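Okay, structure first, notes after.
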Amino acid sequence: MSNKGKLYLVSIHIGNVKDMTYRAVEILKATQNIICEDYKIGTRVIKEYDLGKKNLMRLNVKSREDDITDILNDYLMKGEDVALFSDTGTPVFADPGFNLLKRAYKLGIEVSPIPGASSLMAALVKSDIEMKRFYYYGFLSAKREERDNELRKLKSFEFPMVFLEAPYRLAPLLEAIKKNIGDKRYINVICELTTPEEKIIKGTVKKVYDYFKKSPFKGEFVIILDGNK
């Protein structure tokens, strides 16, 4: 039997606190060492589910490789379990926890995903675009020129494409899609999933772009862009 700890990848809610699974809460209550992206959100989750006193650590885009080394050596390699969650939804899909995951596998540490809420899956089933096949692109480059090049390469792609972006970058992203793919392509922008403010804005790129130009939005969203028919 291995004397190493286990790394739990715990999915948390994406807006509605009732969407946390029983198993996720159970694992977080039983695990003393918890990794979050942001201390404020980590502390909030601990309070929301009455998890008790925890050793809360942070791992985000500003973390160094030495921070990951410390987590591996001080806890997992000494037999202590560690639970990781991201700011919302399913972890390591598009966050810094993936680097910890890769290094844990190399050291023979068992990794256990605790499934739950995902903004990606919630958006797919809410969309009115047929999603038998789709391309998850995730985050485009934050640099305008690189982002434009990425989108131009996707212009002729035949399947629907899914994009994620920071809350404050919706307008620049829609503008870039309009410029590089065209204003007649069909698009869904799905906002604030699972919250009382949840909504979907759909139509041509031009229609959706004009909507958000008149009604600026700065919350969580997922974009699904139809493929080239």
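What follows is calculated from the coordinates using simple rules that are stated; it is not laboratory data. This is a predicted model, so every value here is computed, not measured. Glycine also receives a Cβ, built like all others from the backbone with ideal geometry; neighbour counts cover every protein chain displayed.
Think of each Lys and Arg Cβ as +1 and each Asp and Glu Cβ as -1; about the Cα centre, that makes the dipole of the chain roughly 660 debye. Taking the centroid of alpha carbons for each part, the range 3-23 and the range 75-93 are 9 Å apart.
Using Cβ point charges alone (K and R +1, D and E -1), the dipole size of the range 119-225 about the Cα centre works out to roughly 380 debye. Charge dipole of the range 6-114 (Cα centre as origin; +1 on each Lys and Arg Cβ, -1 on each Asp and Glu Cβ, all else neutral): 100 debye, rounded to the nearest 20. Count of lysine pairs in the range 117-187 with Cα atoms under 18 Å apart, counting only pairs 8 or more residues apart in sequence or on different chains? Summing the qualifying lysine pairs gives 9.
222 nm [θ] for the chain, helices only, -39500 (n - 2.57) per DSSP H run of 4+, per residue, to 500? Could you put the intermediate results ahead of the total?
On the way: 8 runs with 79 residues, N = 229.
For the chain, the value works out to -10000 deg cm²/dmol.
For the range 185-198, backbone phi angles converted through the Karplus equation (6.51, -1.76, 1.60; θ = phi - 60°) give residue-by-residue couplings of 5, 7, 8, 10, 10, 10, 10, 6, 4, 6, 9, x, 8, 4 Hz, Gly and Pro being listed as x.
For a quick check of your reading of the filter: which GluC sites (Glu not before Pro) in the range 79-130 sit in a DSSP loop and have no more than 11 other Cβ atoms within 10 Å? It would help to have the intermediate numbers written out before the result.
Details: sites: GLU80, GLU110, GLU130; in loops: GLU80, GLU130.
Taking the range 79-130 and a limit of 11 other Cβ atoms within 10 Å, the loop GluC sites (Glu not before Pro) found are GLU130.
How charged is the neighbourhood of SER141? Take every other residue with its Cβ under 10 Å from the Cβ of SER141, and add Lys/Arg as +1 and Asp/Glu as -1.
Details: positive: LYS143, ARG144, ARG147; negative: GLU145, GLU146, ASP148, GLU150.
Summing Lys/Arg as +1 and Asp/Glu as -1 gives -1.
The ASP183 and GLU80 beta-carbon pair, evaluated with R₀ = 35 Å, returns a calculated FRET efficiency of approximately 0.05. The 3J(HN,Hα) values that the Karplus relation (6.51, -1.76, 1.60; θ = phi - 60°) gives for the range 76-93 are, in residue order, 4, 6, 9, x, 9, 6, 9, 10, 10, 9, 9, 4, 8, x, 8, x, 6, 6 Hz. Gly and Pro appear as x. Taking amide H atoms as placed 1.01 Å from N in the peptide plane, the amide H of GLY203 lies under 5 Å from those of ILE187, each 5 or more residues away in sequence or on another chain. Proximity of backbone amide H atoms, modeled 1.01 Å from N, is registered between TYR8 and VAL82, ALA83, LEU84, SER112 at under 5 Å, excluding neighbours fewer than 5 places apart on the same chain.
Among beta bridges identified by DSSP and lying wholly in the chain, the antiparallel ones come to about 45 percent.
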